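The values are calculated or read from the model by the stated rules, or taken from the named source; none is laboratory data. Keep in mind it's a predicted model, so treat the numbers as computed, not measured. A quick note on method: Cβ atoms are made from the backbone with ideal geometry, for glycine too, and the neighbour counts reach across all protein chains shown. Remember, those area values only see protein heavy atoms, side chains included, never the ligands or the DNA or RNA. Shrake-Rupley method; radii C 1.70, N 1.55, O 1.52, S 1.80 Å.
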Amino acid sequence: MEQYYHSIYFDEEKCNGRMRCMRVCPTQAIRIRNGKAKMIEERCIDCGECTTTCPQNAILPLTDSFSELSKFKYNIAIPSPALYAQFGREILPDKVLEGVRKIGFDEAYDVALACGSVSFAIQEYIRDYKGQKPLISNSCPVIVRLIQVKYPELIDLIIPIEPPREIAAREMKKGKSKKLGLKEEEIGAIYLTPCPAKMISIKQPAEGGKSHLDGAISIADVYAPLLSAMEGLNKREYKQSLENICIVGIAWSIAGGICRTLRLKNSLGVSGLSHVIKIFDDVVSGKLKNIDFVEAYACIEGCVGGSLTVENIYISYNKILKLIETLELRKNKACPDIREIRRLYKEDYFFIREKINPRPLKPLAENISDAIKKMKEKDEIYQSLPKIDCGVCGSPTCLAFAEDVVKGEAKISDCILISSEKFLKIKQVSRKGEN
């Protein structure tokens with residue numbers, strides 16, 4: 001079984017086994033054993049639902065610190081467009097980028113430009129694609145992992161185009177290497193992230209291979225020094241600053257932004273894992289008709305709703321929305337040339353090199369005949385359980401508990417509701433399965 005990197009960790013000292021994390025986990029990746037939360041590595045998709053619900057703050061995000069900058073001779077910050085939504089409406093992206101340079105980076109790149117390029121590339125891909133639909137965006141690493149773990153039949157619907165942050169890092173490193181005479185590995189590309197999930201796409205890309213980014217620092221960690229740095233900057237003329245914003249790229253920070261700005265026909269924007277799961281269930285069952293493209297985000301309202309942001313979700317969402325509306329009225333043109341994008345698209349400039357594969361879960365047994373026996377045993381145990389999914393046993397559902405028992409990861413006696421008569425019956429079933 002492959003080892004998986006995760007962007008969260010459980011602090012056992014703080015955990016008191018309240019089970020909230022286990023109940024909200026969309027992939028049943030958490031168990032409570034001996035009063036402590038445990039992660040099932042291959043099931044976890046790093047959505048962070050557990051981190052926001054834990055009353056003890058015992059589940060913590062893993063991101064990099066500013067000390068990462070010391071590893072490189074030249075450092076480039078690549079901020080998520082969600083960073084622009086963390087400040088007042090009068091603070092536009094060019095001022096934020098200038099502030100980022102003041103807090104320790106040699107360069108700050110507006111990833112909204114790369115977002116604009118990728119949006120046009122997605123438009124080209126949808127136009128050329130002749131297979132099953134809807135196609136699904138891959139910008140959110142949690143959505144990609146959700147498909148790998150829970151919906152492997154949807155893998156081929158993921159659009160195989162690099163996320164903008166990766167293209168931005170790749171091209172910035174190439175350009176600066178040539179200009180400064182440095183090796184690319186001497187240049188650090190650091191993402192300023194709204195969520196811990198971006199860390200997993202850097203440390204362990206879903207498609208394999210190697211990320212062009214070297215780390216991620218949370219927006220929450222840069223917020224205070226950045227705010228202070230911007231206070232000392234000269235004010236820019238508002239109209240001139242607006243002219244520098246790529247409307248298509250800035251829209252990537254909110255759910256539905258790509259669909260809106262590109263005016264994609266038959267598209268759907270969805271955010272929040274529970275809503276995304278309902279849509280994917282409908283795709284699998286064939287209920288979702290006449291939709292060509294699904295833009296999906298794990299966080300409510302998209303990246304502005306990431307757990308490592310600072311501003312209220314709805315205030316930051318509204319700021320981006322008003323900015324888009326202003327740029328639409330002004331018919332802003334600060335986006336990549338579509339003719340150049342088409343040329344690059346034909347040269348495979350945007351495409352992911354490796355194929356994304358499903359993530360296999362641990363089987364009941366390595367041997368097929370043993371697995372069949374255990375499947376039968378699991379069903380017999382499940383039929384004998386209360387089926388009320390109370391979770392007191394430390395497994396999220398009775399069905400998950402039955403599987404945990406046959407895998408030897410839980411004991412039947414962990415179910416406190418089962419009667420002694422049923423307990424004896426199930427014990428006989430378990431022994432029969434062992435022989």
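May I ask you to say which residue of Ile250, Ile300, Ile291, Ile277 is open to solvent by 10 Å² or more (accessible area, probe 1.4 Å) and in a helix (DSSP H, G or I)?
Residue meeting the stated conditions: Ile277.
Kindly check whether there is at least one residue in segment 333-342 that is open to solvent by 30 Å² or more (accessible area, probe 1.4 Å) and within 30 Å of Lys407 (Cα to Cα).
No, because not a single residue in segment 333-342 is open to solvent by 30 Å² or more (accessible area, probe 1.4 Å) and within 30 Å of Lys407 (Cα to Cα).
Any residue in segment 330-344 that is more than 10 Å from Gly116 (Cα to Cα) sitting within a Cβ distance under 8 Å of a residue that is of a type in the set (A, V, I, L, M) and modelled with pLDDT of 90 or more? List the pairs, counting only those 6 or more apart or interchain.
Leu344/Ala121
Please go through (1) under 19 Å from Gln148 (Cβ atoms); (2) under 15 Å from the mean Cα position of the chain (by Cα) for Gly272 and return the number of the only condition it doesn't satisfy.
All conditions pass for Gly272, except number (1).
In this structure, does Asp389 turn out to be open to solvent by 30 Å² or more (accessible area, probe 1.4 Å) and within 31 Å of the chain's Cα centre (by Cα)?
When the stated conditions are applied, Asp389 passes them.
Give the residue that is nearest to the chain's Cα centre (by Cα), with candidates limited to residues of segment 143-159 that are farther than 17 Å from Tyr4 by Cβ and of a type outside the set (A, V, I, L, M, F, W, C).
Filtering first and then ranking leaves Tyr151.
Just to verify a result, which residue in segment 396-414, among those that are farther than 16 Å from Asp379 by Cβ and without any contact (Cβ under 8 Å) to a residue 60 or more places away in the chain, is surrounded by the most Cβ atoms within 10 Å (Cβ to Cβ)?
Among those that are farther than 16 Å from Asp379 by Cβ and without any contact (Cβ under 8 Å) to a residue 60 or more places away in the chain, it is Asp414.
Which of the strands (runs of 3 or more DSSP E) contained wholly in segment 1-104 include at least 2 residues that are in contact (Cβ under 8 Å) with a residue 60 or more places away in the chain and more than 24 Å from Glu403 (Cα to Cα)?
Correct list: 74-79.
Does Ile324 satisfy being of a type in the set (A, V, I, L, M, F, W, C), over 25 Å from Leu157 (Cα atoms) and in a helix (DSSP H, G or I)?
For Ile324, the condition - of a type in the set (A, V, I, L, M, F, W, C), over 25 Å from Leu157 (Cα atoms) and in a helix (DSSP H, G or I) - is met.
When residues of segment 395-417 are filtered for being farther than 19 Å from Leu364 by Cα and either touching a helix residue (DSSP H, G or I) at 6+ places or on another chain (Cβ under 7 Å) or in a helix (DSSP H, G or I) (or both), how many remain?
3
Quick check on Ile167: is it under 20 Å from Leu288 (Cα atoms) and either free of Cβ contacts under 8 Å to residues at least 60 places away in the same chain or in a helix (DSSP H, G or I) (or both)?
no
Among the residues of segment 354-361, is any over 29 Å from Asp156 (Cα atoms) and buried (at least 17 other Cβ atoms within 10 Å of the Cβ)?
No, that holds for no residue.
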